[in-house]
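Heads up, the thing below is written out as structure tokens.
The values are calculated or read from the model by the stated rules, or taken from the named source; none is laboratory data. Given the structure is predicted, the values throughout are model-derived calculations rather than measurements. With ideal geometry, Cβ positions are generated from the backbone for all residues, glycine too; neighbour counts draw on all protein chains shown. Calculation scope for accessible area: heavy atoms of the full protein, side chains included, ligands and nucleic acids excluded. Shrake-Rupley method; radii C 1.70, N 1.55, O 1.52, S 1.80 Å.
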Amino acid sequence: MSSAQVADPIEIDRARLAALIEREGATYRDRHPKSRAAFEQGGAHLLGGVPMTWMRMWAGGFPLYQDRAHGAELVDLDGNRFVDFCLGDTGAMAGHSPEAAVAAVTRRYAEAGGATTMLPTEDASWVAADLVRRFGPTHWSFTLSATDANRWAIRLARQLTGRPKILVYSYCYHGSVDETFVVATPDGPRSREGNVGAPVDPRETTRVVEFNDFGALERELGAGDVAAVLMEPALTNIGIVLPDPGYLDAVRSLTTEHGCLLINDETHTFSAGPGGCTMAWRLSPDLVTIGKSIGGGIPIGAYGLSAELAERIVDDKEAELVDTGGIGGTLAGNALSIAATRATLEHVLTDAAFERMIGLADRFTAGVRNIIETRRLPWTITQLGARTEYRFCPQPPRSGGGSAAAADPELDEYLHLYTANRGVLMTPFHNMALMCPATTEAHVDTHTEGFAAATDELVG
Ligand SMILES: Cc1ncc(COP(=O)(O)O)c(C=O)c1O
């Protein structure tokens, strides 16, 4: 993990930025007539005009429509080819349609048949054993999304501890989990802005603190009502916020001392290495949750817990685990997802692949850092293994609240348009670039050149 900062930064000229956005927006519209027409004419019966409302996040007024994608590259409806650093916001960290996953899915779906039967397949034991090797917890179960892995882990934590609340970090994101939409403010916790149809005020279910704030964590856990701390070992959904030295040890000690469980959500921090931050930093959470990438693009999530917790929950006479107790789903653990996951873990997101991906992220980070420094931009770049992200603040943020304050939608729009117009896709929600096993040095350099040109125009 690493981050950088510039002394004596310049100020961004907002008038120049507005003019550049205007110009790049026009280029974007010119380059994508088919995507634009598909959006304007095809959205009549789609909520928000798109298959899933987040797909409206792309800069330019309409999303690119995907034609095809393989490895680290994607081609849109107009035939434009892109180096893809968004990678489905981590869902495609294995690269698009990796060969081994294609073969496993074809075998299971077309040849053997039976995508979803409510029966186990032998691949599941292999996958669970590999997740043990990577993340530590010894007993695993499957979901169809990281969101559900977190939901069910939270339910299990409540059942196991008999406590009502969870604790999360301000500006965290763990999927559409009701309990997590709460932020810390100087006036106390409040529901996160825009929280849709919350079942109850999240302050009833959740305690919230800023990342890296040891005192706040100690205070909140002291109330004795927290079943589990649900955390990413480094925040990744509000830029990347790295833990201060010793902070994660302190979290582990405090949670143990206060009798609450620790859940590491490794869905994004998996980028840190073959076993995410948990393996890379020798962490020892009670539960681990993960999703998105492990199925090579086929939906799956997973949660694992220690042998001791697994035994207690299975033996708990009041916990209905095999029917309508609130844990489980009809298609969860289905043969197709499991086959894709085995192939992805066994052949694609291997230890060797991570080594390469992290080397490429080092190259990406060094290139961007050099540009930030030589142009004296008031920005930073922070890397977490195969994932790296620039943020519009002169110092690396230490908390979600601090990072949220550095949001700059205009700069986001400009850089996303500029890079998209030159064949590079960045994650629309932020400025994250993720490497996959098919990413090359040439891909990285394409971004570095585009970023240099974009910033040169910006600073004049
Ligand atoms: C850390 C983390 N956990 C969980 C999720 C939820 O993933 P999904 O939307 O695939 O359920 C996300 C999504 O961005 C995430 O970033």
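Annotations
- For residue 207, the conditions (1) under 30 Å from residue 282 (Cα atoms); (2) without any contact (Cβ under 8 Å) to a residue 40 or more places away in the chain; (3) not hydrophobic (A, V, I, L, M, F, W, C) all hold with the exception of (2).
- Residue match in the stretch 351-365 (condition: at pLDDT 95 or above and not in a helix (DSSP H, G or I)): no
- Residues (of a type outside the set (D, E, K, R) and assigned to a loop (DSSP other than H, G, I, E, B)) located in the stretch 71-97: 72, 77, 79, 80, 85, 86, 91, 92, 93, 94, 95, 97
- Residues (open to solvent by 10 Å² or more (accessible area, probe 1.4 Å) and in contact with a Cys (Cβ under 8 Å, 6 or more places away or on another chain)) located in the stretch 427-456: 428
- Figure legend. Inter-residue proximity from the stretch 97-116: first residues in contact (Cβ under 8 Å) with a residue 60 or more places away in the chain, second residues open to solvent by less than 70 Å² (accessible area, probe 1.4 Å) and of a type in the set (Ser, Thr, Tyr), beta-carbon distance below 6 Å, spacing 6+ or different chains. Indicated pairs: 101/344.
- Members of the stretch 355-385 that are polar (S, T, N, Q) and under 17 Å from residue 270 (Cβ atoms): 382, 383
- Filtered residue count, the stretch 389-439, keeping only those that are under 18 Å from the mean Cα position of the chain (by Cα) and β-branched (Val, Ile, Thr): 1
- Any chance residue 138 is open to solvent by 60 Å² or more (accessible area, probe 1.4 Å) and either within 16 Å of the ligand (Cβ to nearest atom) or touching a residue at least 60 places away in the same chain (Cβ under 8 Å) (or both): yes
- Criterion applied to 341, 374 was being open to solvent by 10 Å² or more (accessible area, probe 1.4 Å) and either closer than 23 Å to residue 145 by Cα or free of Cβ contacts under 8 Å to residues at least 60 places away in the same chain (or both), and the one residue passing it is 374.
- Being near the ligand (Cβ under 9 Å from one of its atoms) and not charged (D, E, K, R) is a property that residue 144 has.
Listed here are the residues, each with its yes/no results for (1) charged (D, E, K, R); (2) more than 18 Å from residue 165 (Cα to Cα).
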| position | (1), (2) |
| --- | --- |
| 188 | no, no |
| 208 | no, no |
| 213 | yes, yes |
| 228 | no, no |
| 257 | yes, no |
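Okay, residues lined up against (1) surrounded by fewer than 18 Cβ atoms within 10 Å (Cβ to Cβ); (2) in a loop (DSSP other than H, G, I, E, B); (3) touching a residue at least 60 places away in the same chain (Cβ under 8 Å); (4) on the phi < 0 side of the Ramachandran plot:
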| residue | (1), (2), (3), (4) |
| --- | --- |
| 8 | yes, yes, yes, no |
| 11 | yes, yes, yes, yes |
| 18 | yes, no, yes, yes |
| 22 | yes, no, no, yes |
| 27 | yes, no, yes, yes |
| 39 | no, no, no, yes |
| 45 | yes, yes, no, yes |
| 59 | no, yes, yes, yes |
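- The stretch 61-108 - residue that is open to solvent by 20 Å² or more (accessible area, probe 1.4 Å) and hydroxyl-bearing (Ser, Thr, Tyr) and, of those, farthest from the ligand (Cβ to nearest atom): 106
- None of 383, 395 is modelled with pLDDT under 95, under 20 Å from residue 234 (Cα atoms) and open to solvent by 10 Å² or more (accessible area, probe 1.4 Å) except 395.
- Residues that are away from the ligand (no atom under 16 Å from the Cβ) and surrounded by fewer than 18 Cβ atoms within 10 Å (Cβ to Cβ) number at least 2 in the following strands (runs of 3 or more DSSP E) confined to the stretch 158-197: 188-191.
- So residue 149, is it assigned to a helix (DSSP H, G or I) and within 16 Å of the ligand (Cβ to nearest atom): yes
- Helices (runs of 4 or more DSSP H) wholly inside the stretch 214-312 containing at least 2 residues that are away from the ligand (no atom under 16 Å from the Cβ) and surrounded by fewer than 19 Cβ atoms within 10 Å (Cβ to Cβ): 214-221, 247-257
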